[in-house]
Structure formats: C-alpha cells, structure tokens
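S.K.: Supplied in structure tokens, the structure appears directly below.
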Protein chains: 2
Amino acid sequence: MASAALRPLCLCWALLGPAAAAATANIVLLLMDDMGWGDLGAFGEPSKETPNLDQMAAEGMLFLDFYTASPLCSPSRAALLTGRLPVRNGFYTTNGHARNAYTPQDIVGGIPDSELLLPELLKKAGYTNKIIGKWHLGHQPQFHPLRHGFDEWFGSPNCHFGPYDNRERPNIPLYRDWEMLGRYYEDFKIDLKTGESNLTQLYLQEALDFISKQQASQQPFFLYWAIDATHAPVYASKQFLGTSQRGLYGDAVREIDDSVGKILRHLQQLGISENTFVFFTSDNGAALISAPKQGGSNGPFLCGKQTTFEGGMREPAIAWWPGHIPAGQVSHQLGSVMDLFSTSLSLAGLQPPSDRQIDGIDLLPVILQGQLIDRPIFYYRGNELMAVRSGLYKAHYWTWSNSWEEHGKGIDFCPGQSVAGVTTHTQEEHTYLPLLFHLGRDPGEKYPLSFASEEYQQAMEHISGLVQQHKDTLVPGQPQLNVCDQAVMVFDVFGREEKD
Amino acid sequence: MASAALRPLCLCWALLGPAAAAATANIVLLLMDDMGWGDLGAFGEPSKETPNLDQMAAEGMLFLDFYTASPLCSPSRAALLTGRLPVRNGFYTTNGHARNAYTPQDIVGGIPDSELLLPELLKKAGYTNKIIGKWHLGHQPQFHPLRHGFDEWFGSPNCHFGPYDNRERPNIPLYRDWEMLGRYYEDFKIDLKTGESNLTQLYLQEALDFISKQQASQQPFFLYWAIDATHAPVYASKQFLGTSQRGLYGDAVREIDDSVGKILRHLQQLGISENTFVFFTSDNGAALISAPKQGGSNGPFLCGKQTTFEGGMREPAIAWWPGHIPAGQVSHQLGSVMDLFSTSLSLAGLQPPSDRQIDGIDLLPVILQGQLIDRPIFYYRGNELMAVRSGLYKAHYWTWSNSWEEHGKGIDFCPGQSVAGVTTHTQEEHTYLPLLFHLGRDPGEKYPLSFASEEYQQAMEHISGLVQQHKDTLVPGQPQLNVCDQAVMVFDVFGREEKD
Ligand SMILES: [Ca+2]
Ligand SMILES: [Ca+2]
C-alpha cells in the first residue's frame, strides 16, 4: 500500500535526472557499536585489516574530527536519529551526577513521542525506512521503531547481553517488524566461549535484500544498519573466527569490513551507487573496559567509552558517494552523529524542523564543496556538560574517568593511561578554571595549557561565550533513563504472545 | 678520478638492460631523527599532514612492523650502517646496566675500523656514497665518515644541541667533506625561541644537487639522508613555521614531508625513479620526554625513545621503487634498520660479509615478491637484551622506563602512560619468567599473558630457544660509548684549523 502511494513521487524523481536525483538520494548509515577511532587501517590500526573500509575512505571522504553526542549507546543513537543532544531529547538520567545511562531491561523510558525522528521526516519525501540491528531507544511498545518512522525492522531493542535466566530476567528478543522472532542465546545463538555467531551475516543479508527490493521498486530508501558485533560480548561468524591477528575483536571487525565491502559493491552492481549516500561511523569510543579480547582501539586518544575524553567520543567516520564526493578527500570538519540527521534531510530535499533546537548541521557543503563550518562540539555525560571543543581547543569543565569504588573492582575506563589531574577517579569540577588542551599539539590530552598563558586567556574567552550561549538557551527534556523497579522488565510485550 | 675509474662499470650496467639494472639500483635512505610510528598520516596521525609521505606509501610498500636496533640515535645508526646489533659493533656502554648511550662531546669512542660499513662495501660495486646530515658514529678524526666509505659529507658529527659557551664546551661543527664549514648557533642558525632554521632546506638542496650530479655522470649512488629537524631542539624554515596544527614539531614534519616529495619528484623528472630504491624510516621512537612541543607521536604504542617498549622501537617505514614495487602494498614483515644494510647490498649485487655475524636480512623477496620471512626482533638497551619479538609475541626479559631519580626531576619516558609491573621505574628482571604480550591483540603492551596459560607456555618455549641460540653465539664488541673525561672534547679536531 505504502509502495503504491509513493510511486508518483518516485516517477518525478526519475524524470528529473541526476541533478535533482541528489535531492532524494538513498541514504545508508552504517553505525558501528563501540568501535573506536583507532580500529580501522585508514585510522592507523597497526594490523591494518580493513581493506574494504580503507578502500571506502580512499574513494570517499575521511573525517578525522567526527564525534558522537554521548559516550554511550542509547543517548548516542537517540541523538543521531533526532539531530538533538541527549539532554534535549531526554536520553539521560537524573539518578546521579554526570552518570551515563542507557536502556537496559529495567529502564521504563524511551524516545518521547514529541521527538521527530529522521525516518518520520524522510517519509514525507517518499522514503522507505529500515532499521537493521540495535534500536536502543526504548523497549516498551510505545517506543517500537515502527511507531517512530521506520517501515521495517530486523533486530533487537537492546544490547545482546545474556544469557539470562529467562524467568526473573528474560533474554533479549529479536524482531522482524512487529513480530518477535526469538531471543538471543536461544533462537539466535552467540557462543560466549568461542565467540561464534552468524548475526552479522543475517544483518548483511537483510541489508542486501532490502537494497535490492528498493532498487527494483525504484523507491528512495533510508537504511540504518546498526549492527553490534563489536559490542561485548563480541562475536563473528565461523568463517571469520581466527582470521584476525587482533583476536576475536579483530575477527568481528574483519567480518564487518567484509560486509561493508559487499554492501558497497551491491550498490554499484545495481547501478545505484551514484544515487546512494553512504556514511560509516560508530556510536561511541572503544570499550577499553572490555579490552583486549572484547574491546577495540581508540588509537592515540585518551581513555574510552563512558568518558568525555577523546577516546570516548571521537569516532571513525567515512562518507562515500561515487560521482559526488571526489576520491581521497580528508576533512577536519568538526562533525557529529547529529549531523547525519540534518545531512540526511538535506539529501532528501527537506528542511529540518523549525519548532525546536536542532544540534546537527548539514554537512553537504563540507562533503561536496570542501567547506569548513565553524561550530563547537559539546561533550556531555548524562546531563552534565563535561567539555567543549572549538577549533583545536578543548576545555574540560568536569573531569572524571570512573569512581574509586568501580576502579577497585577492576573496572577501568583508561587502562594503562593516567594523566595527573585529568583522568580523575573523583568528579572534579573545573567550571571556574577549565582545563584547556590543544588537540593539534596534544591529541592525547596529556598537557593542559598554562592558566596564565595568553593562549589560554584568548581561547577560554571564546569558549566561555559559546558555553554561556548554549546554557542560556538550553531546555532539557524530561529524563527518560532513570532506573525504576524490576516490574518494568516486560520490555518484550510486543510480539511476545506470538513466540513464547 | 674515481668517476673516470668507475665509468666502465657503469657502461656494463647500462648495456645489461633493466633486469640487470636492478643489480646496481641507486639507493636513497631517508632516515629521520626521533620521528615516531604515529607521526605520519598513513600511520594514523590525526592531523594527517603528510600528503607526500602518504602518497609515497600509496605508491609503494608500507611496513607496519619495522624496528630500530636501539631506542637511541648513535647505536641505531651504527646498526643500520653495519647490519649488526650495537652489542656486536661496540655501540654500547658498560658504564651502567641497560644504559643507553650515544656519542656526545665527551665520548671518545666511535665506529671501529674493524666494522665494515655499507658505503665501504658499495664502493666495490662502483657506488658514489654521500651522507647528508647527522653522522653520530664518533667525532674523533679516525671516525670521520670519509674514512668509512662515504665519498661526500654535508652535515655534523653530533646532535645539534647547544648553544654552548664555546670555551669549555665548543658548539657542534658542520662539515663539507673534510672541511669544517662552521658551527651550529654561530654559522648555522637555530633560533631556539621561534624554532626557525633553514637546515632542512640546505639538506634538501644538497640531496637534489647530488642526485643531479650522479644522474649526469651515470654513476650509481647511495644517498644517506640523515636529517634531524624532528630531534629536539626541533626546527623548521620560515615558510613552514606555523603551518601545522601540531605546533612546531608538526611544522618540522611538514617541511620534511615537502622535502621528501621534492626528492621523489626529482628522481622522476630525471627519469631515474625506476632505478632508484628509496626507503623512509626513523632511527628511534618519538621522544616523549620532549612532547608536546618538541616531540612526536608513537600512535597507540607504549612509551617512547630510550625504552624497549613498542613506542621506543617500532618505526614508520616505507619502501618506494616505481616499476618494481606495485602500488599500495602493505607488509607485516618484521623488519629492522639493519635490513637496510643487507637489502642495499643485494640491490648492488653484492653479498654480505661472510666473516662476521650480520643481523640484517635481505628484504627484496619481501618487497618484490611479497614473501614473509620468519625472524626475531631483539630489543636491546645498552648491552642488555630487554625483550624479543617472534611473530606476534613479545617477551620482556627486563622492564624499565626510567629511574625514580630521573622521574622525580620530571623526566618521563612514558608520559600519561602507566602499566603496573610493566612501565617500571626500577629495573625489573623477568629472565626466569618473562612478561609476554600478544602484539596483535594488545599492541599497547598493557595485558601480559597469564603465565599459566598454554599460549604462554608454547610461545615462550619457542622464544626461549631463539634467545638461547642468540646468546650462545653472541660475541660482544668492545664498548665504544663509555664516558671519559672532558679532555676528549677535541671532537672537531679535523678541519678546525680551517675555520677557527
Ligand atoms: Ca555502543
Ligand atoms: Ca634519534
């Protein structure tokens, strides 16, 4: 039905030729889970085992200064799909100061109806929208992706943690659209001992099939490929196990690299690569708490997932669009996952919503004309503004790795790294005299600038203005990720009757 | 005279055509000073400011697992030119255990006459040999490069430290062949405040002129371009100052990158690129003691210069030889600066000396046929074998960063990095139970393998055998780098009368 209704739109698009075609280019977002800046050969991973991704970068544009909006899955994904900071869309908690939060089973919240998601908006331009993989924007029925603009879904509402006892705590389910297909560890196997699982192959096939279907029906599409093989527990298919010199984590990366190559070749073979904008990135930095067997690399950067140091928030990023992006481009644009919202709307010929604050910017002038747009990057942890980057300067208003209590239990967000006064295990406030780093000279955030220096004074004067402006206009959303009681774990209520 | 005598050789070479031409290919070794593995865009430096070197890598072969033979200048260079470990050629000290040593003014030693240097051997195949830049193999007259096989020299015997008082301690001189041209800070300016110096431009012009002269005379040549702009005090020419987002160190790298591009283009424009083998690498890891303003990056690796962790010894490395090396190759061959000795001899159609132990191997099968040769890497600090790598395993027999005494004075070889039991400030012996790392899964040397694991047992059994064999056959040379008294600072005796 939807397909028939959209046909006239597609016809117009087909008749208008290549120039206008760009106005409704297909959009493929390849979003990795916990993959770090340093995990790709093109970004200096010393085993250099990602030939397809490196080739994608060589044929497209490499972003060296691209960021997530939160160092944790749920808020990062909510920001990507709304173009808004988690503090605005409610993807934070007030359970603790500067506490990261996501949507495990005992969280009742999710993406509010008042938020406008990218697929909802793309529908207006005739797009068919599919999410493959992890949703993570709420597991109650009202948060289902098909209620928020997606037309199709193959994947799970939450992380593939488990196995659970399936009595007090159910295993995480997988869905096709509204139907629950089964559960991780029961119907969809992940062997925690060997790391074997064929999930990435399932997600790949879903992507190839969807692209084929859309090409055949000549409908523009948005594919959100949010796979999770690099999130602990890390997994790979049998044919990739043991193929990496990096161990199981590397096997997962190799399978993803192979899959990305297959998706790009499929677009080329179907003749739609020049009308399909593809963007590859990750939702947060590598989870060093899980390294080395279950976690990746943040290259030369400090700390990892959960922190607002560069290792937690700077992401690998590649834009690919043959015939539009010249090969071998490199950009220093400060980018954000939230820009994928605004850029996608621009690709669809749509305007972003004007009734609310959108934090993402349209990157097409950067990607197509090599422009550099001046804009800050805000580093949040929960609803606390921890740091701000403008140009090459980054000011920390709060520093924290993790608590001494957690640290004592062997949980370390910065293993092997320790910068006095920076990787603090107590929450340290620096709002009156922020720690300032020059990320060009000091990408590893090891050498704070002297407070007395002229350089410090000038940079902080500029950044203080940005922060003041940001805070003055900020209207926080209702916090969605506060912890509730165990009774809310009926997270798989939709579709459950059909399977259990 | 030499030129006339060599002409018949050149004629033979010219008549034999391309296949035989490879037997006396020109050799250009571009040796950087204190440049780290992570300093090139192709190796993941996040500012990605080395377009010429990245292009060189894209046109040639990138080595990801290439090592120096010592984490300090003098022994590294002695090893490169002799193909032998410093413990064999005497480039170590017995003044202290595991103490690195080089050739400052108060060192009386240097390269022994008994050592056969690469240029001495290349002479037999008709090569004209030139060293541009830092020699560092001794400053007494008997150690002069023109007494050890080089035909020409433009550069200095030692590091460009200073300025000194020039009474008790003279400033370091620069030479053209036997003639002292002047001294750093007096005749060859380095502005310590601004970092300005035109030395890299002088070294570039010398290289271009030498290449032109050799091309015109149709004589095969060996050019050893051992520049030092990235060694503290770091410097760059006026037109490069302030051009890098990495600060002064980055300015120096940019000037070097630009110079390498000019040298490669010069070879192409003269039509001799297909008969010139070019190799780019560095003498030791980035000097993190001088970071961020005066030191580079070792990417994701642990510590830096002076240490036998990966950051101290793994080097950026690129082989370039159009028409022979296919574009875009990547090699995981465990390589060493000592291999440049054996590979260069092979390029000249010569055999390595058979009367002594040579540690370097001929990399031509790796470079031209993509072979992988199984060989260990020995990590020495002074005359102590600190660690051994075989395959992806690295065993530490001793760990040490630097002493508590030095550390207390603010000298830190591993700033911001601290791995318990690994980056020790006391010399820790592990010879009975070495610390073992898997460098594929753990390139940052943060997670020692469990001593009880089967993996540990198997890997150590193999490595122990290699170490036993190595130690059983080792004949240490006479130590050349012991500290003497101030009276030996007559290091610029040759040529001095002509200038002072
Ligand atoms: Ca994640
Ligand atoms: Ca050096």
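S.K.: Report the local net charge at A:V330: Lys and Arg +1, Asp and Glu -1, summed over other residues whose C-beta lies under 12 Å from its C-beta. Don't skip to the end; give the middle numbers.
M.R.: On the way: positive: B:K48; negative: A:D65, B:E45, B:E49, B:D54.
Spelling it out: positives minus negatives among the neighbours equals -3.
S.K.: Put +1 on the Cβ of every Lys and Arg and -1 on every Asp and Glu Cβ in the stretch B:386-471; which of B:G408, B:M460, B:G391 then has its Cα farthest towards the positive end of the dipole?
M.R.: The listed residue farthest towards the positive side: B:G391.
S.K.: So what are the ³J(HN,Hα) numbers for the stretch A:245-262, from phi and the Karplus equation (6.51, -1.76, 1.60; θ = phi - 60°), rounded to whole Hz, Gly and Pro as x?
M.R.: Karplus values, whole Hz, x for Gly and Pro: 7, 8, x, 4, 4, x, 4, 4, 5, 4, 5, 5, 4, 4, 5, 4, x, 5.
S.K.: Starting from a label point 7 Å past Cα on the Cβ side, list the distances from A:L474 to the same position in the other copies, nm, shortest first.
M.R.: 5.8
S.K.: Find the centroid of the Cα atoms in the stretch B:101-178 and in the stretch B:414-429, then give the distance between the two in whole Å.
M.R.: 35
S.K.: Which distances in nm, rounded to one decimal and ordered from shortest, link the label point of B:K193 to the equivalent label points in the other identical copies, with labels set 7 Å from Cα toward Cβ?
M.R.: 7.1
S.K.: Scan around A:L435 for amide H atoms under 5 Å from its own, H built in the peptide plane at 1.01 Å from N, and keep only partners 5 or more places away or cross-chain.
M.R.: A:H396
S.K.: What do you get when you divide the Cα radius of gyration of the stretch A:252-318 by 2.2 N^0.38 Å, with N the number of residues?
M.R.: Working: Rg = 15.0 Å, N = 67, 2.2 N^0.38 = 10.9 Å.
Here the answer is 1.38, to two decimals.
S.K.: Roughly what would the spin-label model give for B:D374 and A:A216, points 7 Å off Cα along C-beta, in nm?
M.R.: The two pseudo-label positions are separated by 5.2 nm.
S.K.: For the rotation taking chain B to chain A, which residue of B has the Cβ nearest the axis, and how many Å away is it?
M.R.: Chain B residue with minimal Cβ-axis distance: B:G44, 1.
S.K.: So what's the net charge close to A:Y432: Lys and Arg +1, Asp and Glu -1, counting the other residues with Cβ under 15 Å from its Cβ? Walk me through the numbers before you get to the answer.
M.R.: Numbers: positive: A:K471; negative: A:E428, A:E429, A:E461.
Neighbourhood net charge equals -2.
S.K.: Would you kindly calculate the translational diffusion coefficient of the stretch A:188-239, applying Stokes-Einstein with the Kirkwood radius from alpha carbon pairs, for 20 °C and a viscosity of 1.002 mPa s, and quote it in µm² s⁻¹ without decimals?
M.R.: Details: Rh = 12.4 Å.
For these conditions, the coefficient is 173 µm²/s.
S.K.: Pull up all non-local amide H partners of B:Y175: gap of 5 or more, or a different chain, and H-to-H distance under 5 Å with H placed in the peptide plane.
M.R.: Sorted by chain and number, the residues that satisfy this are B:G155, B:S156, B:L181.
S.K.: Can you put B:L192, A:L81 in order of Cβ neighbours within 10 angstrom, beginning with the fewest? Could the numbers behind the result be given before it?
M.R.: Numbers: B:L192 12, A:L81 31.
Going from least to most buried by this count: B:L192, A:L81.
S.K.: Restricting to DSSP loop positions (anything but H, G, I, E, B) with no more than 15 other Cβ atoms inside 10 Å of their own Cβ, which trypsin sites (Lys or Arg not before Pro) remain in the stretch A:190-297? Could you put the intermediate results ahead of the total?
M.R.: Working: sites: A:K193, A:K213, A:K238, A:R246, A:R254, A:K262, A:R265, A:K293; in loops: A:K193, A:R246, A:K293.
Listed in order of number, the matching sites are A:K193.
S.K.: A further question follows. Whole-Å semi-axes of the stretch B:392-441's equivalent ellipsoid, largest first, each the root of 5 times a Cα gyration tensor eigenvalue? Show your work: numbers first, answer last.
M.R.: On the way: eigenvalues 101, 37, 8 Å².
Largest first, the stretch B:392-441 gives 22, 14, 6 Å.
S.K.: Would you kindly derive the ³J(HN,Hα) couplings of the stretch A:323-339 from the backbone phi angles with the Karplus curve 6.51 cos²θ - 1.76 cosθ + 1.60 (θ = phi - 60°), listing them in order in whole Hz, with x for Gly and Pro?
M.R.: Each residue of the stretch A:323-339 in turn: x, 10, 9, x, 5, x, 7, 10, 10, 9, 3, 6, x, 9, 4, 5, 5 Hz.
S.K.: Can you give the log10 of the normalised intensity I(q)/I(0) at q = 0.06, 0.10 Å⁻¹, computed with Debye over equal Cα scatterers of chain A?
M.R.: Cα-only, vacuum Debye calculation for chain A: -0.25, -0.72.
S.K.: Find every distance from the label point of B:T243 to the corresponding label point in the other copies (7 Å from Cα along Cα→Cβ) and write them in nm, one decimal, shortest first.
M.R.: 4.2
S.K.: Tell me whether the stretch B:255-381 comes out rounded, prolate or oblate; compute the Cα gyration tensor, take square roots of the eigenvalues as a ≥ b ≥ c, and use a/c under 1.5 as the rounded threshold. Write out the running numbers ahead of the final one.
M.R.: Values: a/c = 1.99, a/b = 1.20, b/c = 1.66.
Taking the square roots of the gyration eigenvalues as a ≥ b ≥ c, the stretch B:255-381 is oblate.
S.K.: On average, how many beta carbons from a partner chain sit within 10 Å of the beta carbon of a residue in A:330-338?
M.R.: 1
S.K.: Mean separation of Cα pairs under 8 Å and 6+ residues apart, divided by the residue count of chain A: what relative contact order is that in percent?
M.R.: Working: 1165 pairs, mean separation 127.3, N = 500.
Relative contact order of chain A: 25 percent.
S.K.: Exposure proxy check: A:D165, A:D177 ranked by fewest other beta carbons within 10 Å? Each step should come with its number before you reach the end.
M.R.: Details: A:D165 9, A:D177 15.
By the 10 Å Cβ count, ascending: A:D165, A:D177.
S.K.: Follow-up. What is the ratio of the Cα radius of gyration of the protein assembly as shown to 2.2 N^0.38 Å, with N the residue count, to two decimals?
M.R.: Working: Rg = 29.9 Å, N = 1000, 2.2 N^0.38 = 30.4 Å.
Dividing the Cα Rg of the protein assembly as shown by 2.2 N^0.38 Å gives 0.98.
S.K.: Could you give the nm distance between label points at B:R356 and B:Q468, where each point is 7 Å from its Cα heading toward the beta carbon?
M.R.: Distance between label points: 2.9 nm.
S.K.: So for B:T200, A:T431, fewest C-beta neighbours within 10 Å to most, what's the order?
M.R.: Values: B:T200 22, A:T431 11.
The order, fewest Cβ neighbours first, is A:T431, B:T200.
S.K.: With the Cα gyration tensor of the stretch A:151-219 giving a ≥ b ≥ c as the square roots of its eigenvalues, does the rule (a/c under 1.5 for rounded; else a/b larger than b/c for prolate; else oblate) give rounded, prolate or oblate?
M.R.: oblate
S.K.: A follow-up question, please. Residue by residue through A:370-376, how many Cβ atoms from other chains fall within 10 Å of the Cβ on average? Could the numbers behind the result be given before it?
M.R.: Details: counts 0, 0, 0, 0, 0, 0, 0.
Going residue by residue through A:370-376 and averaging, the value is 0.
S.K.: Which whole number gives the average, over all residues in B:412-419, of C-beta atoms from other chains lying within 10 Å of the residue C-beta? Present the calculation step by step, with values, prior to reporting the outcome.
M.R.: Working: counts 0, 0, 2, 6, 14, 6, 6, 4.
Per residue, the number of nearby Cβ atoms from other chains is 5 on average.
S.K.: Rounded, prolate or oblate: which one fits the stretch A:49-147, using the alpha carbon gyration tensor with axes a ≥ b ≥ c (rounded when a/c is under 1.5, else prolate when a/b beats b/c, else oblate)?
M.R.: Values: a/c = 2.02, a/b = 1.35, b/c = 1.50.
Note, shape of the stretch A:49-147 comes out oblate.
S.K.: So what's the net charge close to A:N89: Lys and Arg +1, Asp and Glu -1, counting the other residues with Cβ under 13 Å from its Cβ?
M.R.: Values: positive: A:R77, A:R84, A:R88, A:R356; negative: A:D113, A:E115, A:D359.
In short, +1.
Read-outs: derived from the displayed coordinates by stated rules, not from any lab. None of the values given here were measured: they were computed from a predicted structure. Cβ sites come from the backbone with ideal geometry, for glycine too, and all protein chains shown count toward neighbours.
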